[in-house]
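Let me begin by presenting the structure, written as structure tokens, before commenting on it.
The values are calculated or read from the model by the stated rules, or taken from the named source; none is laboratory data. Since this is a predicted model, take the numbers as computed values, not measurements. Backbone-built Cβ (ideal geometry, glycine too); neighbour counts: all protein chains shown. For accessibility, only protein heavy atoms count, side chains too; no ligands or nucleic acids. Shrake-Rupley method; radii C 1.70, N 1.55, O 1.52, S 1.80 Å.
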Amino acid sequence: MLTVLPTAHTDDDRAAIWFDLLSPTEAEVADVEKRAGVTLPRRDALSEIERSSRLQRRGGILTMSTPTATRRFSDTAIVAPLGFVLSPDWIVTIRFTKLAAFDAVLDCLAGERIIEGGGLEVFTRLCEEIVDRVADGLEHIAEELGMMSMATFHEDEDSAAQALKSNRELRGQLRQVGRLGNRLSEVRDGLLGLDRVLAYTEQHGCPVTDEAMTARLTSVRRDLASLSDYDEHLTAKVQFVLDALVGLIGIAQNDVFKVLTIVSIIGIGPTLIAGIYGMNFKNMPEYNWTYGYQYGLTVIVLSTVLPLAWSRVKGWF
């Protein structure tokens with residue numbers, strides 16, 4: 001899909017300031033190439049990871065790309081490259097997934113009568129909006145992580161049934177922590193790529209005389225640095241919660257093995273006694289007792305109850 005933003009509110013979009021390509025067809029790419037007079041990179045070129053492939057300057061036109069991620073469902077993110085082709089007069093953006101920041105900037109600019117500043121103005125507004133939305137996303141992740149941490153460290157277990165339910169919840173929380181860590185990794189990649197794009201634009205695409213624009217780009221880079229620090233903090237917290245959940249799952253498994261061990265030890269006595277009285281010999285005096293059977297059952301019960309009570313007193317379960 002191709003969206004064209006003219007420099008002013010007219011029906012003639014030949015003097016366009018922004019060509020926005022969303023999952024473009026070859027016909028749309030060819031149209032923009034003809035109107036802008038440049039060759040646009042395709043998706044394979046935008047997906048390259050080398051710095052020399054992501055950041056290029058030819059004839060005063062900057063071609064830049066960075067990875068970006070957007071959430072489609074509750075925990076599903078679509079990762080795709082985002083490309084900028086920037087000249088002093090116009091900008092071409094190439095993306096392969098919907099981004100709310102682009103829609104917001106497009107609506108904002110569409111309401112302005114005249115857009116001054118050329119492609120650099122559009123680029124700067126896009127970066128500012130992206131940074132704001134990334135900050136909101138990190139705040140949302142921090143809130144989810146805080147709730148998960150609270151549930152992990154402040155939940156009591158009073159019964160075996162609750163413990164079993166807690167084990168299932170721990171596994172679910174473990175998967176959720178993994179998803180949060182994956183999202184933070186994607187955000188980190190996007191922040192790193194956008195910071196490189198901004199630095200390259202500030203160095204090669206921003207006029208030295210435009211101090212106001214330079215200040216805005218510098219401010220966005222500072223915001224990116226603070227978000228990167230916050231992302232690292234959240235990543236460390238994810239690792240902490242992940243280690244805690246793994247430890248709790250290990251403790252729950254140890255509790256199961258402890259119960260099995262105690263039961264097996266307690267069963268030794270009754271098994272031994274039943275084995276002894278299962279031997280049919282004439283000189284076993286208890287066979288001739290009137291209450292020999294009751295005596296044997298009592299000894300078996302006592303050999304079960306006494307070790308169980310001893311384990312309970314020792315706090316083994």
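Observations on the model:
- Table column - 3J(HN,Hα) (Hz), the stretch 196-201, Karplus curve with 6.51, -1.76, 1.60, x for Gly and Pro: 5, 4, 5, 4, 5, 5
- Protection proxy ranking of 241-247, 192-198, 62-68, 305-311 - average other beta-carbon atoms within 10 Å, highest first: 62-68, 192-198, 241-247, 305-311
- Of the peptides 100-106, 295-301, the order by per-residue mean of other Cβ atoms within 10 Å, starting with the highest, comes out as 100-106, 295-301.
- Length gained on full extension, S219 to A142: 25.4 nm, using 0.36 nm per residue less the C-alpha separation.
- In this simple spin-label approximation, R312 and E211 carry label points 7 Å from Cα along the Cα→Cβ vector, and these lie 8.3 nm apart.
- Fully extended contour minus Cα-Cα distance, from C108 to M1, at 0.36 nm per residue: 36.6 nm
- For a label point 7 Å along the Cα-to-beta-carbon line of R57, residues of the stretch 207-226 with backbone N under 14 Å: 207-209
- Its relative contact order, with pairs defined as Cα atoms under 8 Å and 6+ residues apart, puts the chain at 14 percent.
- Once divided by 2.2 N^0.38 Å, the Cα radius of gyration of the chain becomes 1.74.
- Accessible surface, 1.4 Å probe, highest first, among residues D44, D20, D255: D44, D255, D20
- Mean Cβ count within 10 Å, highest first, over the residues of peptides 119-127, 142-150: 119-127, 142-150
- Estimated FRET transfer efficiency when R0 is 22 angstrom, pair T304-I249 (beta carbons, to 0.05): 0.10
- Computed from the Cβ-Cβ distance with R0 of 41 Å, the FRET efficiency linking N283 to V256 stands at 0.40.
- Accessible area of the stretch 212-278 belonging to carbon and sulfur atoms, whole % at 1.4 Å probe: 69 percent
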